[in-house]
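Report on the structure given below.
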Amino acid sequence: MTDTIFAPATAAGRAAVAVVRLSGPGTAQAVRALAGRLPAARRASLRTLLDGNGRTIDEALVLWFPTPGSYTGEDSAEFHVHGGPAVLGALVGALAARGLRLAEPGEFTRRAFENGKLDLAQAEGVADLIDAETDAQRHQALDQLGGRLSDVQARWREALTGALAMYEAAVDFPDEEVPADVAGRARPIIEALVAELDAAVTDAERGERVREGYRIALLGAPNAGKSTLLNVLAKREAAIVTATPGTTRDIIEVPMILGGYKVIVADTAGLRQTTDEIEAEGVRRAEAWGYGADLRVWLVDGYGEPDPAPPASMQIGDLILLTKRDLGEGLEGLPGEPFTAKSPNDVAWLERSLTDSVVAALASAEPPAATRLRHRELLDEASERLRHALSQEQSLELAAEDVRLAARALDRITGRIDPEQVLGRIFATFCIGK
């Protein structure tokens, strides 16, 4: 990291203010060249910015953050200029002319990680905070950025270190004055950790849903009212509605917010047997989306011909709606709630029901420590290693090795070891300037 980087930290386009960030060993020299002199550390100063030919770029606020008291841990600075494209272009051109390099996506945060300002889990919290669309996502991201997962991982790591010390004492010093049951004392520690890790894995699924969105599938036969319902819930014409069966061929996903959580509602192809190759692929995708959804709403035409049996993906807690009740008396003896998308009361009831399901699934007194698939996979690996260690009572050397491998899996969550395998994938998801 011997080069100095820069990037706009605000979105492209016409705006009142644009912020350009700098970081690296050449930052102070660049600030002096453009602004005349360095301002006092961490205090905004109004300066006239000049390009290499002495022409005025803009009147700007300049902030200077000397190492190590900066976001990246390096010498850093910010130029706050007027947000017109011409001003921003002139500033970017002047910085590039001085040999500074445009930063790659996430490079500022990667430098913060590599300089020990953040661990990997906290860096992921930064990315989640940038992408947050709901209060629930914002709170979850702030918890992770604040070190919630890192603190829990450190406690798990300390417990594993204690258990490993007991195994190694029994292996390496069998003839010394150590308690005869020293290895046995590790067992309750490991058993408690397995229980905690398993609970964290389950909670990680909740964290993933908060981040990515709770998935609701609208399922049913053709012309059951799925597209109409999607449009009503989305409050816009998201799907084409016609009387022709099989109009919807692909999955139409609409994000929305229910109960403060991001939700993805999907209109799917009508479920029926068909010889049409395209429609059959739509049916296959509908069934797959239904299996992967968190909640399924099965729509049954309550006024027409009886629908086939519910999809195999239906589970306890899913909803069944008997649609088109506005057309008159429907079929009798069918399970489900009579419903019409034309009734504001029916729609309000359904929105309340969906919101209750979302909140019940995602809300909790404690935010999840783990929030990503990567976290969940490493927690699973650590738990499995510890279970294997518990089965190795006759071979303490193998049990100790399992504990070491479990600790390594946990260390990869925060990037204490082997970070290169995941750094590129993680930081590539950041926006330029962060």
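Each reported figure results from applying straightforward, stated rules to the coordinates on display, with no laboratory input. What you see is a predicted model; the values in this text were computed from it and never measured. In this analysis, Cβ positions are derived from the backbone assuming ideal geometry, glycine residues included, and neighbour counts consider all displayed protein chains.
Mean sequence separation of contacting Cα pairs (under 8 Å, at least six apart), scaled by the length of the chain, corresponds to a relative contact order of 17 percent. Residues SER23, SER76, SER395, SER353 in ascending order of nearby Cβ atoms (within 10 Å, fewest first): SER395, SER353, SER76, SER23.
Let me check I've understood the local charge: for VAL297, count other residues with C-beta under 9 angstrom from its C-beta, Lys and Arg +1, Asp and Glu -1. What total comes out? Around VAL297, the charge tally is +1. In a DSSP loop and with at most 11 other Cβ atoms within 10 Å, the trypsin sites (Lys or Arg not before Pro) in the stretch 212-293 are LYS235, ARG236.
Between the residues PRO311, PRO85, LEU142, the greatest Cα displacement towards the positive end of the dipole of the chain, with unit charges on the Cβ of Lys, Arg, Asp and Glu, is found for PRO85. Stretched out straight at 0.36 nm per residue, the stretch from THR161 to ARG101 would grow longer than its current Cα-Cα span by 17.3 nm. Note on the chain: GNM, Cα springs under 10 Å; of ALA96, ALA112, ALA239, the largest mean-square fluctuation is that of ALA96. Helical content alone sets the calculated 222 nm signal of the chain at -14500 deg cm²/dmol, taking -39,500 (n - 2.57) per DSSP H segment of four or more residues and averaging over every residue. A Förster radius of 25 Å combined with the Cβ-Cβ distance from LEU327 to ARG236 puts the calculated FRET efficiency at roughly 0.50.
For the residue pairs LYS235/LYS324; LYS235/LYS262; LYS117/LYS262, the alpha carbons lie more than 26 Å apart in LYS117/LYS262. Taking each residue as 0.36 nm, the span from ILE316 to LEU142 lengthens on full extension beyond its C-alpha to C-alpha distance by 59.3 nm. Using a Förster distance of 22 Å, how high is the FRET efficiency between ALA365 and ALA192, based on the Cβ-Cβ distance and rounded to 0.05? Rounded to the nearest 0.05, the efficiency is 0.55. Estimated at 0.36 nm per residue, the fully extended path between GLU253 and ASP151 surpasses their Cα-Cα distance by 33.1 nm. Spatial offset of the stretch 18-87 relative to the stretch 249-272 amounts to 46 Å, using the alpha carbon center of each.
Let me know the charge dipole size of the stretch 212-362 about its Cα centre in debye, to the nearest 20, where only the beta-carbon of Lys, Arg (+1) and Asp, Glu (-1) is charged.
Numbers: 14 positive and 22 negative charges, 75 e Å.
Value, rounded to 20: 360 debye.
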